[in-house]
Amino acid sequence: MTQDACRIGVDSGRPVLELAGDWRLARLPELARALREARAPSRQPAGFDRSSLAAIDGTDLSALDTAAALQLCRWLRAGGSDPSSIELLGFEQGHERVLRLVARTSDGQDESDARPPARRGALAALGASTIAMLDMLRGHVGFLGYVLVEIGRALVDPKQLRFGELLTQLSRVCVSAVPVVALVTCLIGLVFAYLLGLQAEQYGANIFVVDGVALGMTREFSPMIVAVIVAGRSGAAFAAQLGTMRLNEETDAIAVLGLSVAQVLVVPRVLALVLTMPLLVFVGNVAGLAGAAAIADLMLDVTPSTFVSRLHDALAPRHVLIGLAKAPFFALLIAVIGCRMGMTGPRDTRTIGTHTTSTVVQGIVGVIVIDAIFAILMQRIGW
Amino acid sequence: MTEPVIELRGVGTRFGSQVVHEDLDLTIGRGELVAVIGGSGTGKSVMLREIVGLQRPDAGSVRLLGTDVWAADAAQLSALRRRFGMMFQDGALFSSLSVAANVAVPLRESRLVPAEMIEPLVALRLAQAGLPLDAGAKMPSELSGGMRKRAAIARALALEPEVLFLDEPTSGLDPITARAFDRLLESLCEDLGITVVLVTHDLDSLMTIARRIVVLGRGRVAADGDLEQIMASDDPWIREYFSSRQLATGQPANAG
């Protein structure tokens, strides 16, 4: 049976749209085609034009859902008829209700209202993101001041400090980070010594590998690598933890209970990271030098005891101190960014994801910027 | 009688040693508007999750629209999922999409709807759910709780479901919004013939719209019937449940 879903017929001298069969969402494309064809001039009953459509006949209609009814209403409106007042013939009660409901709710709608605003042009987008970045930077500086004041308050009045939370954070950011820090710095020390060794060997200057590795590892590589690992581990964790707690209104609960969100959540995290980052850098120094000593022994004929005695002569303590001194600054930057990214922005799940990613990126970029500032300062004072 | 829309037979559920359902039987026919009530932990939401195929019961069978949910293959399941809608307690809107895009997700994914009809259909669904059209351009985080629930209904209605499941549709809404929600559900059931199953704690909803109330207790259906039948029940929990209501409404009279 290939019955048309609709056609325009004549009923007591008036043009009537006759519907038949299943008018359902699953058949929308067919129905659209049928409606288009019903309007083709060749199929119009002689002497009538479509704008004078008088009624709809639903006698043969077996099903009508809202999607199909919407398509019909739009077709009627496009043809100049009003679907809420057009006469309905032979409609089942249920079908009539659906059609009238859809006619009523879709009346006078401008669908484009539901569309999100159009995208900005490239230049406007560039400007907007620049302003957003500056805003964020200003916010970070403000938050840094706030955190320092809160830390000061905790130091003046140690009762405010949450020792339990601080210990938990110390264990999370430091103790559990030791294996990964040791592994990564050891491998870097190994590769670094190998590359230096390839060059030094050509001049028979194997022993100077110790000088290079010791200076490079303690002053630059170890602090930097540790900072990158910590930004990925702890910075991201801070942003995600605090973001989730905020989404869950736990931070609001803390505030309503009369506690300070900063003291309960932020200060322990920042303090833990600032206190332990130099320790992690020291672990990195030792592991990196151990890796280098291993390669020196295996490939460059520098025995471990020669390595250590050369280390004593070649490595000035100031290089180690500069490396260790950078660590708390890196830590403060990472912790402040992580906590602030967790505490700001809209409260939805997407924000937690984007802010966590952004924390890691900002942390690493910030660490490199601080490192460059240190390098310039040290060069100025001749260290 | 035509085939029931939902048919639970001997459903058993336990979490560890805690028994949630034991030999639970329930049949719901086409076009019914059923409210499921029960104390905390009686497994109301769990039952919904078992019917829609999110959580496997430990025993028994669940038939939805003639398909055995837990014996169906992937193709049958995805065909079945087009025929019902579910509204989660807090809406569960996708937070990275605008409201209109949320409603459009089922329309696009079904591949049944021609592209030029998606926008008008989204607009119709928003209007059906009682949302102003400009709400469609907003992100879910910009909506109030009541509007989020309406947006969730709009998404659940997208594909003309035959059955609509709602988990606490009026919780957290003010009474006026909640009553408007009740009327919405009533009209979906009456005008469009959708079978509506809701889990609720809202006594006003129960009194105004539920044609049939199912009370869960001690792992099975403790009572089942219209409001009068349920109120006449001598189950202690049901008596306490409805008397809490009388106390609450009685108080202002005493005070004044």
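Quick notes on this structure:
- Scanning segment B:155-171 for residues that are within 13 Å of chain A (Cβ to nearest Cβ) and part of a loop (DSSP other than H, G, I, E, B), we see that the one that is surrounded by the most Cβ atoms within 10 Å (Cβ to Cβ) is B:Ala158.
- When B:Ala71, B:Ala100, B:Ala152, B:Ala79 are checked against the criterion of being buried (at least 23 other Cβ atoms within 10 Å of the Cβ) and in contact with a strand residue (DSSP E or B) (Cβ under 9 Å, 6 or more places away or on another chain), a single residue qualifies: B:Ala152.
- Within segment A:235-246, not a single residue is at negative phi, crowded, with 24+ Cβ neighbours inside 10 Å and among the hydroxyl-bearing types (Ser, Thr, Tyr).
- Residue match in segment A:189-203 (condition: out of contact with any Phe, Trp or Tyr (no Cβ under 7 Å at 6 or more places or on another chain), among the β-branched types (Val, Ile, Thr) and buried (at least 20 other Cβ atoms within 10 Å of the Cβ)): no
- Just one of (1) in contact (Cβ under 8 Å) with a residue 12 or more places away in the chain; (2) surrounded by fewer than 21 Cβ atoms within 10 Å (Cβ to Cβ); (3) under 12 Å from the mean Cα position of the chain (by Cα) fails for B:Gly41. It is (3).
- On the stretch given as segment A:60-75, residues that are out of contact with any Asp or Glu (no Cβ under 8 Å at 6 or more places or on another chain) and either within 23 Å of B:Gly193 (Cα to Cα) or within 9 Å of another protein chain (Cβ to nearest Cβ) (or both) total 8.
- Hey, A:Val156 surrounded by fewer than 20 Cβ atoms within 10 Å (Cβ to Cβ), modelled with pLDDT of 95 or more and of a type outside the set (Asp, Glu) or not: no
- Across segment A:113-126, the number of residues qualifying as at the interface with chain B (Cβ under 7 Å from one of its Cβ atoms) and loosely packed, with under 11 Cβ neighbours inside 10 Å comes to 1.
- Selection from segment A:211-226 of residues that are touching a His at 6+ places or on another chain (Cβ under 9 Å) and over 17 Å from A:Val181 (Cα atoms): A:Ala214, A:Leu215
- Close contacts from segment A:83-101, counting a first residue that is more than 10 Å from every other protein chain (Cβ to nearest Cβ) and closer than 20 Å to A:Ala54 by Cβ and a second that is of a type in the set (Val, Ile, Thr) and in a loop (DSSP other than H, G, I, E, B), with Cβ to Cβ under 7 Å and a gap of 6+ residues or different chains, come to none at all.
- Screening B:Val105 against (1) more than 8 Å from chain A (Cβ to nearest Cβ); (2) surrounded by fewer than 20 Cβ atoms within 10 Å (Cβ to Cβ); (3) at pLDDT below 85 leaves a single unmet condition, (3).
- Selection status of A:Val270, in contact with a Cys (Cβ under 6 Å, 6 or more places away or on another chain) and under 25 Å from A:Thr351 (Cβ atoms): no
- In the set (1) facing chain A (nearest Cβ under 10 Å); (2) at pLDDT 85 or above, the condition left unmet by B:Pro114 is number (2).
- Number of residues in segment B:16-30 that are farther than 12 Å from B:Gly219 by Cβ and at pLDDT 85 or above equals 5.
- Residue in segment B:114-126 that is farther than 20 Å from B:Leu164 by Cβ and basic (Lys, Arg) present: no
- Some residue of segment A:128-141 being of a type in the set (Gly, Ala, Ser), under 22 Å from A:Val365 (Cα atoms) and touching a Lys or Arg at 6+ places or on another chain (Cβ under 9 Å): yes
- From the options A:Ala78, A:Ala26, residue that is within 9 Å of another protein chain (Cβ to nearest Cβ) and either modelled with pLDDT under 85 or surrounded by fewer than 20 Cβ atoms within 10 Å (Cβ to Cβ) (or both): A:Ala26
Every residue, every condition in (1) in contact with a Lys or Arg (Cβ under 9 Å, 6 or more places away or on another chain); (2) crowded, with 19+ Cβ neighbours inside 10 Å, yes or no:
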{"site": "B:Thr177", "(1), (2)": "yes, no"}
{"site": "B:Asp182", "(1), (2)": "no, yes"}
{"site": "B:Cys189", "(1), (2)": "yes, yes"}
{"site": "B:Val197", "(1), (2)": "no, yes"}
{"site": "B:Met207", "(1), (2)": "yes, no"}
{"site": "B:Ile213", "(1), (2)": "no, yes"}
{"site": "B:Gly217", "(1), (2)": "no, no"}
{"site": "B:Ala222", "(1), (2)": "no, yes"}
{"site": "B:Gly225", "(1), (2)": "yes, no"}
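- Test: residue in segment A:324-334 that is touching a Gly at 6+ places or on another chain (Cβ under 7 Å) and away from every other protein chain (no Cβ under 14 Å): yes
Listed here are the residues, each with its yes/no results for (1) small (Gly, Ala, Ser); (2) in a helix (DSSP H, G or I); (3) closer than 30 Å to A:Leu377 by Cβ.
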position	(1), (2), (3)
A:Leu195	no, yes, yes
A:Ala214	yes, yes, yes
A:Glu220	no, yes, yes
A:Ala253	yes, yes, no
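- Boolean, B:Glu109 is out of contact with any strand residue (DSSP E or B) (no Cβ under 6 Å at 6 or more places or on another chain), closer than 20 Å to A:Glu30 by Cβ and in a helix (DSSP H, G or I): no
- Meets criteria (more than 14 Å from B:Asp167 (Cα to Cα), of a type in the set (D, E, K, R) and touching a residue at least 24 places away in the same chain (Cβ under 8 Å)) for B:Arg56: no
- If you check B:Ala35, B:Ala100 for being at pLDDT 85 or above and in a strand (DSSP E or B), only one passes: B:Ala35.
- Residue check for A:Asp110: within 14 Å of chain B (Cβ to nearest Cβ), surrounded by fewer than 16 Cβ atoms within 10 Å (Cβ to Cβ) and not small (Gly, Ala, Ser): yes
The values are calculated or read from the model by the stated rules, or taken from the named source; none is laboratory data. On a predicted model such as this, the values are computed, not experimentally measured, just so you know. With ideal geometry, Cβ positions are generated from the backbone for all residues, glycine too; neighbour counts draw on all protein chains shown.
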